[in-house]
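Asker: Take a look at this one; I'll ask things after.
The values are calculated or read from the model by the stated rules, or taken from the named source; none is laboratory data. No experiment lies behind these values; they were computed from the predicted model shown. As a convention, Cβ positions derive from the backbone with ideal geometry for all residues, glycine included, and neighbour counts pool all protein chains shown. To get the accessible areas, we keep the full protein, side chains included, count just its heavy atoms, and leave off ligands, DNA and RNA. Shrake-Rupley method; radii C 1.70, N 1.55, O 1.52, S 1.80 Å.
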Amino acid sequence: MSKRKADDSHMPIGESISQAQTLLRERLCHQRLPTRPEGVASQHKHLLELLKRTAVHGESNSVLIVGPRGSGKTMLLRCVLAELLTEADVQKTLLQVHLNGLLQTDDRIALKEITRQLSLENVVGDKVFGSFAENLAFLLEALKKGDRSSSRPVLFILDEFDLFAHHKNQTLLYNLLDVSQSAQTPVAVVGLTCRLDVLELLEKRVKSRFSHRQIHLLSSLTFSQYLQVVRAQLQLPDATFPDSKFCHDWNASVKALCEDKSVEEVLQRQFNSTKDFRSLHRLLMVSLCRVSASNPTIKPADLVDASRLFSADSKTNILHGLSILELCLIIAMKHLNDIYDREPFNLQMVYNEFKKFLQRKSHSMYNFDQPVVMKAFEHLQQLEVIRPVDVAATRAQREYQLVRLMLDHTQIMEALQKYPQCPTDIKQWADSAFA
Amino acid sequence: MVRYCTRNRIRRIYKWGHAPISYDRKLKTNEYNSLHISLEDLPRTTVITPGQYILIEGVDDDNPYVAKVMKLFESDKQKKALVQWFVRVCEVPPNKMKLLGRDPHPQEVFYYEGRTCDDEIDVESILSTVQVKYISPEALFPEGDQKEVLYVKLSWNTKAFSVVKPELMETIAAPSLAAPSLASPPRHSIPALPPSPPCSPPVMATPRARAPSRRALPTPDPTVMNRAIAVGGGSRRTMSTGKMMASEAESMHSASKLSASKGLSAKRRSSITRTPGVCKKLELSSPGKSAMDGDDMLCQLLDKELDEEVLLVQRSATSLTRLASQPFGFTPIRKAQRSSSSWDSVNLKPAMVNLKRFSLEMDSPPSSTQHDSAKLTEASSRELCGVTSLEEEVFDIGLPLTPKRRQATPRRNCATRGQKVATPSNRAEKMTKEPSLGVLAEAENEDSPMVPAAPTPRSSRRKSAKLVSSRIRKQLNLLNDQRDLYSDGDDEEEFLPSKKDLQSSSSEEEEGRLDSDEEIFGKKSKWGAAGSRTPRSAQKDRSSARTPRKTPVRKAMPTTPRTPRHATPSIPSRSLPARQPGSVLEEARARLHVSSVPESLPCREQEFQDIYNFVEGKVMDGTGGCMYISGVPGTGKTATVHEVIRSLQQASDTDDIPSFNFIEINGMKMTDPHQAYVQILQKLTGQKATADHAAALLEKRFSNPGPKKESTVLLVDELDLLWTRKQNVMYNLFDWPTRRHGRLVVLTIANTMDLPERIMINRVASRLGLTRMSFQPYSFKQLQQIIMSRLNKVKAFEEDALQLVSRKVAALSGDARRCLDICRRATEICEHSASNPSAPGLVGMSHVMQALDEMFSSAYITAIRCASIQEQLFLRAVLAEFRRLGLEEATFQQVLVQHQALCRVEGLQPVSVSEGLAVCQRLGACRLLLLEPSRLGILQRVRLNVSQDDVLYALKAD
């Protein structure tokens, strides 16, 4: 420690690490925008041009940004907006309205939110008064009064655009898109959605009013590019990071990490599963959190652990906490599924199957009364390991209520493997119904 | 103050006052001269006579229509009235209200000059009488609590406000302007006895007041009666009964309501217009004749008139003994006076001047004490009282200068009436319902001369009356020029201040009016202050017109408008104006934007013509009708209708067709079908109401024989969204046009051609009728033409490129919007792909192709290609499972087995269940797969949202 202190270009290792973690966490938690979004240059340009025309020329537009979850739709939009707002006059003129389909679940709320964000004259404080109809009429009147050259352009950002299409009559969408197609206040309607079939959701007259511009964010990344991205995400900036030596060390360790076989394997698996960056970020985040003064770099083992953590099956984990009786019932159900080809079954059938096993074994170690079995059965139902076939038909006696098993055989076998002190005969029974 | 009773509260009984005065053979109508409206269970009756201002039941109970009765007649057993409408502020369309350029006064009405409105009403819709005052345009509205008085300043011809034209003004202001000039002849014959009863009656402002007041009158002296009969008899007999009735009614009316002179003038005018004989005689007194002759003739005529009146009064006395007592009592005296009267007006002149001075004194205090509101009210009341009680002041100068209102009225009665001292108080006690009583006593008194302005309401009558009066005036001027010398001087001196006041702000017309006013005054004094009444009436008008002008501070004080302040819906405006398109491509893009309104709509000429003819026909005929327009989106339905309306509005601006209201509602722009009523009502009248109330008001509006009915053209866009379970909204929309007085043209727009058959119940579909029009999707040639016409010689596209776009769009949908959007996108692509950004060149095939690809190609295949390996494997597993099952559906569990098998084949580590589920959910989120809710876990069923071939194609090419 004293040695490091002597060198004033070096900070204490702990501080360097915390700085590096802060920086990387901001990056991984999407708090800081990347300077340039990777791989979406053309989309970026298209959107920027489009919004610029609205802001500067007062041209109304509508556009949809479509891409799978985690493909960077919001990131792209935020990048474009950040770039757009660097221009002073745009910053002064552009009005923004941000809506989210998950928050504004119907048009009434959405209208109030629009009015509030535009702070029109019927907003008092933070509240919007008036009925739904009044609000709609008011907003439409306001938008109608404007014209291309003199009104401030309004940017409507509709996150989870597809959910707005489920609103009654699609009133909001119709009106916004209608404004964008008529000589009123210039508006840009930007929808963000992950649904590829979003246009089919729109009613024909709403659809006709939409300009049909779609910006698709579909990454065609290869694995080597993916590895590059991982490296870029983890690397510290040489120029700006205060402790250059730490930075250099860190970057070298990241390079080494990415070349490690086990890490590559983990990343390949991740890449095979999904190309989205959000899950990658989560993976890296967990590994990053393991970095400490005693462990100043990300080790391959950290990443492997993180990967295991993420790929762990929650249903299997639940099974680890079950009693032997419950486990036995599940095994009985598995055999029933095998016999009856996944037809639903009831408690009596399961109990009979269990009793067959007991008879074969001819020892009374697991000899439980029916009420106890019933209790175990209900517990399984509470854990949603089993699920009644028809919720409505609960009038049947509980013993005869048909249920289905919500577990795959592989899950059951895996759970039995890991179950602490699992009796051998039960394992054998699980393997074969006639064991 | 008592509100006028609306009909739903009290039943009214309408009766003609007398037998018909004339019968029109052509029209088969009987004309009457008065209408009695009595309230059930109440002894009091209201008498409506031509010339009075009335309130007519309308759609809004709080704001009944205002009009002036022109004529009362019976046609087909129906009691009708011909009226001149006045428009309330709330009846002017709100968007036109801006033209006024100021906040309207809540009690302001506008003289209605529109041509489209039906001026024939059913008398049963008359509610009551009202007072309407004319105010010169630059004058301010008088303040005070005269809630029942309405003010006219401007006229409204459905397009613009204008100053009420001088002749119209004269009609309105008739009692003050026309009356004195005509009434002057009799004046000189009665001047010696000013307190004679006939000159005092203005206390009785409304006819309603008459009956009870008469009761208090003394019984006429039989000898006088006899004399009157004797004198009147000779000239009487030549008259038709109809005319007699008319004049009789008039005389009753005037005797109660007017000063005698005014009554005479009114009667004179009516007789001038109605009886050819009298007209002829008056023409004899044209300037061509010798002055002396004319004058003689005039005197003769006047005598005759009076005789006639006397006789009539007598007649009415026999039938309506109780009612007619007043005129009966006094006219003989007048007659007697006249017979003995001579030109002794000079003697009375000082009194006149005195009077005028007094009025000025009365006017001055308010101007100096404007700031004190308490004083103001006092002053105004004083002013009003002063003016109305000038009559009495002439004879009783000893009165205090600032008589309190309450005191003034009775005192005046004391002074002027002599024998009728008890009358006003009696009346006040009896007529508790009389709105003009009590608080409004002075307003009533002031207004009363205006109300009877109507004996010559129609322009023809008015003109003839004017003509005659001007001739008479000329002759009299000739006769009495030596008197003019000093009397005119007096006048000028007296009225100098007022003139100054006026000139500061008055318009030309206004000055003209005042000049005539002055002329009248001059003449009045010429006539030697003959009747002290005439100048008074003129002055009344003047002072009432001047009063507000003299107190500008009152208006300047921040008054809270009665209409609640609404938040104005608007988007803030930008500091810098939007940049204009610079390059050719930008220009083209701006022109191609759907929002840019083209000069004309190409390719819809036929449809345009059909709709135009339909609407024009209905507007011209003043009838109603429905039209249903269908067509897929983007085929120009709404645009065509708007174009039609634009053309029609231009036509109505040039007066080729009657003006009409255009209202547009859109099913998509409302939250609930019933909001349609609210929106229609608001756009029609500016009122806000709940849906139910609005429906009731509209129902009333469209079914009642409404006044000022302009045709209304209603565009209902997205009709299908107005569907309700009972379909009452649609029913009403289509039913109103069928009403006789509806004058509603409904144009409905929807997408499906068979909407009436599909969603409408029979009674709705039947009312919609069979006037239908279908907009076909555009063909590629039409689309090309549309783009060309929009580009309008801006050379931005290659010919082939345009054709490609239009062919492609025509093949897919024929939606013009789509076509324009693609072209717009193509210009962008062209701009971006250009090697030299400054000279991008024309939009070529490649750009258009790229734009088409972007807009039409589905992203599914790209999405599958870009999916991760596990996702692709899962899709494969789904296909494999489908093939195995022979079904298009499988549970996740089944697919997972396939998936794991495929993983082994591909040499990958088999996925766990949770990984598999995550993959499945991701595909489901993109809607490549259709999934059941995820809580079903491995049991959820999986379907493909893309065709299997597409999936195979996408995966194979990989």
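Asker: Quick one: which residues, 5+ away or cross-chain, put their amide H under 5 Å from the amide H of residue A:189? H built at 1.01 Å from N.
Answerer: Answer set, sorted by chain and number: A:61, A:62, A:63, A:156.
Asker: Got a sec? Which residues of segment B:667-693 lose 40 Å² or more of accessible surface with every protein chain in place, vs. that chain alone, 1.4 Å probe?
Answerer: Buried on complex formation: B:668, B:669, B:671.
Asker: Counting only other residues whose beta carbon sits under 14 Å from that of residue A:318, what net charge do I get with K and R as +1, D and E as -1?
Answerer: Numbers: positive: A:315, A:387, A:418; negative: A:313, A:326, A:384, A:408, A:414.
Net charge around residue A:318: -2.
Asker: Over chain A, calculate the relative contact order: mean separation of alpha carbon pairs under 8 Å at least 6 apart, over the residue count, as a percent.
Answerer: Details: 529 pairs, mean separation 69.4, N = 435.
Relative contact order comes out at 16 percent.
Asker: So what are the ³J(HN,Hα) numbers for segment A:45-54, from phi and the Karplus equation (6.51, -1.76, 1.60; θ = phi - 60°), rounded to whole Hz, Gly and Pro as x?
Answerer: Rounded to whole hertz, the list is 5, 4, 5, 4, 4, 4, 5, 5, 5, 5.
Asker: Same structure again: Along the Cα→Cβ direction, 7 angstrom out, place labels at residue A:285 and residue A:249. What is the inter-label distance in nm?
Answerer: Spacing of the two 7 Å Cα→Cβ label points: 2.7 nm.
Asker: What fraction of the DSSP beta bridges in segment A:41-216 is antiparallel, stated in percent and rounded to the nearest 5? Could the numbers behind the result be given before it?
Answerer: Values: 2 of 23 bridges.
Given both bridge residues lie in segment A:41-216, the antiparallel proportion sits at roughly 10 percent.
Asker: Summing +1 for each Lys or Arg and -1 for each Asp or Glu, what net charge is found among the other residues whose Cβ lies under 11 Å from the Cβ of residue B:896?
Answerer: Working: positive: none; negative: A:408, B:881, B:915.
Neighbour charge sum, excluding residue B:896 itself: -3.
Asker: In chain A, what percent of the accessible surface is made up of carbon and sulfur (1.4 Å probe, ligands and nucleic acids excluded)?
Answerer: Working: 10170 of 19530 Å².
On chain A, the fraction of accessible area on carbon and sulfur atoms equals 52 percent.
Asker: Taking amide H atoms as placed 1.01 Å from N in the peptide plane, list the residues 5 or more away in sequence, or in a different chain, whose amide H sits under 5 Å from that of residue B:715.
Answerer: B:663, B:664, B:665, B:747
Asker: Quick one: Karplus J couplings for segment B:865-880, per residue in order, coefficients 6.51, -1.76, 1.60, θ = phi - 60°, nearest Hz, x for Gly and Pro?
Answerer: Working through the residues one at a time gives 5, 8, 5, 6, 4, 5, 5, 5, 4, 4, 4, 4, 4, 4, 4, 4 Hz.
Asker: If amide H atoms are built 1.01 Å from N in the plane of the peptide, which residues on other chains or at least 5 residues away come under 5 Å of the amide H of residue B:891?
Answerer: Amide H to amide H, under 5 Å and 5 or more residues apart or across chains, residue B:891 pairs with B:942.
Asker: Can you compute the modelled spin-label distance between residue B:793 and residue B:122, with each label point 7 Å from Cα toward Cβ, in nm?
Answerer: Here the answer is 6.0 nm between the modelled labels.
Asker: To continue, here is another question. Which distance in Å, rounded to a whole number, links the C-alpha centroids of segment B:880-944 and segment A:258-313?
Answerer: Their Cα centres are 26 Å away from one another.
Asker: Does segment A:181-280 come out rounded, prolate or oblate, given a ≥ b ≥ c as the square roots of the eigenvalues of its C-alpha gyration tensor, rounded meaning a/c under 1.5 and, failing that, prolate meaning a/b above b/c?
Answerer: Working: a/c = 5.42, a/b = 2.12, b/c = 2.56.
Here segment A:181-280 falls in the oblate category.
Asker: Which of the trypsin sites (Lys or Arg not before Pro) found in segment A:293-365 are in a DSSP loop and have at most 16 neighbouring Cβ atoms, other than their own, within 10 Å?
Answerer: On the way: sites: A:308, A:315, A:334, A:342, A:355, A:356, A:360, A:361; in loops: A:342.
Counting only loop positions with at most 16 other Cβ atoms within 10 Å, the trypsin sites (Lys or Arg not before Pro) in segment A:293-365 are A:342.
Asker: I would also like to ask the following. Compute accessible area for segment B:578-594 by itself and then with all protein chains, 1.4 Å probe, and report residues whose area falls by 50 Å² or more.
Answerer: Going by heavy-atom accessible area, the residues of segment B:578-594 that drop by at least 50 Å² are B:579, B:593.
Asker: Counting other Cβ atoms within 10 Å of each Cβ, which GluC sites (Glu not before Pro) in segment B:823-899 have at most 12 and sit in a DSSP loop?
Answerer: Details: sites: B:828, B:831, B:854, B:871, B:881, B:888, B:889; in loops: B:888, B:889.
Hits after loop and neighbour filter: B:888.
Asker: Sticking with this one: Are there any residues in segment B:628-644 with a reduction of at least 40 Å² in accessible surface when going from the isolated chain to the assembly of protein chains? Probe 1.4 Å, please list them by number.
Answerer: Buried-area filter returns B:633.
Asker: Can you figure out the FRET efficiency of residue B:63 with residue B:832, using R₀ = 35 Å and their beta-carbon distance, to the nearest 0.05? Working shown, then result.
Answerer: Working: r = 61 Å, r/R0 = 1.73.
Once rounded, the FRET efficiency stands at 0.05.
Asker: What total accessible surface area, summed over both chains, is buried at the interface between chains B and A, computed with a 1.4 Å probe and given in Å² to the nearest 100?
Answerer: Working: alone 41400 and 22990 Å², together 57320 Å².
In total, chains B and A hide about 7100 Å² from solvent.
Asker: Heavy-atom accessible area per residue, segment A:41-216, 1.4 Å probe: how many Å²?
Answerer: Accessible area per residue, segment A:41-216: 33 Å².
Asker: Another question, then. What does the extension gain come out to for residue A:317 and residue A:98, with contour length at 0.36 nm per residue minus their alpha carbon separation?
Answerer: On the way: separation 219, 0.36 × 219 = 78.84 nm, distance 4.04 nm.
Gain on stretching residue A:317 to residue A:98: 74.8 nm.
Asker: Give me a comma-separated list of calculated 3J(HN,Hα) values for segment B:712-723, in order, Karplus coefficients 6.51, -1.76, 1.60 applied at θ = phi - 60°, integers in Hz, x for any Gly or Pro.
Answerer: Coupling constants for segment B:712-723: 10, 9, 10, 9, 10, 8, 6, 4, 4, 7, 8, 6 Hz.
Asker: Please give the per residue accessible area of segment A:316-431, computed with a probe of 1.4 Å over protein heavy atoms only, in Å².
Answerer: On the way: 6000 Å² over 116 residues.
Normalised by residue count, the accessible surface of segment A:316-431 is 52 Å².
Asker: Continuing with this model, one more query. Looking only at other chains, what is the average number of their beta-carbon atoms within 10 angstrom of each beta-carbon in A:136-149?
Answerer: Values: counts 4, 9, 4, 2, 4, 3, 6, 3, 3, 5, 6, 4, 6, 7.
Partner Cβ neighbours, averaged per residue: 5.
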